[in-house]
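A quick write-up on the structure given underneath.
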Amino acid sequence: MLDVLPPSDDTEERQAKPALIAGWRGRCPKCRTGRLFRSYLTVQSECHVCGEELHHQRADDGPAYITILVCGHLLAPIMHIIFVAYRPNSLTMVVGFSLAFLAMALWMLPRVKGALIGLQWANRMHGFGKGAP
């Protein structure tokens with residue numbers, strides 16, 4: 001388990017990889033222990049462990065686009081292989097792959113949103129750095 005990082009000034013370099021991993025795990029990108037989300041996709045206003053303000057994140061539609069892109073690219077070749085090899089009924093294909101896409105997208109969406117928030121924090125975007133441009 002990672003410990004809480006000591007307080008730092010705004011000139012210190014923020015590493016993107018640990019922030020992305022912490023965001024993917026649903027943790028605060030600064031301390032890596034506090035919860036990032038209050039509910040499924042609702043971001044906490046601030047971290048309850050380190051006090052980092054999280055309310056100014058701007059993930060918007062980015063996580064949804066990334067999730068759809070990745071899920072579609074993973075399922076399309078599988079769909080083609082199954083159709084060519086087994087020739088299932090079209091209704092079976094539609095229902096089966098729709099449910100698979102839905103499950104994959106619902107699992108992936110909060111993780112992608114957390115990783116994007118971690119990236120924003122690491123790059124001091126959208127208010128995550130007081131003196132940042």
Filter the range 4-37 down to residues that are in a loop (DSSP other than H, G, I, E, B), modelled with pLDDT of 95 or more and open to solvent by 70 Å² or more (accessible area, probe 1.4 Å), then give me how many there are.
1
Could you run through the range 52-73 and say how many residues are part of a strand (DSSP E or B) and in contact with a Leu (Cβ under 9 Å, 6 or more places away or on another chain)?
0
Kindly indicate whether any position in the range 85-101 is open to solvent by 90 Å² or more (accessible area, probe 1.4 Å) and either outside any helix (DSSP H, G or I) or closer than 17 Å to residue 28 by Cα (or both).
yes
In the range 72-118, what count of residues is obtained for those that are touching a strand residue (DSSP E or B) at 6+ places or on another chain (Cβ under 9 Å) and over 30 Å from residue 128 (Cα atoms)?
0
Considering each residue of the range 102-133, count those that are surrounded by 15 or more Cβ atoms within 10 Å (Cβ to Cβ) and more than 23 Å from residue 26 (Cβ to Cβ), and give that number.
0
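The values are calculated or read from the model by the stated rules, or taken from the named source; none is laboratory data. In this text, all values refer to a predicted model and were calculated from it rather than measured experimentally. Neighbour counts run over all protein chains shown; Cβ positions are idealised from the backbone, glycine included. Note: areas computed on protein heavy atoms with side chains; ligands, DNA, RNA excluded. Shrake-Rupley method; radii C 1.70, N 1.55, O 1.52, S 1.80 Å.
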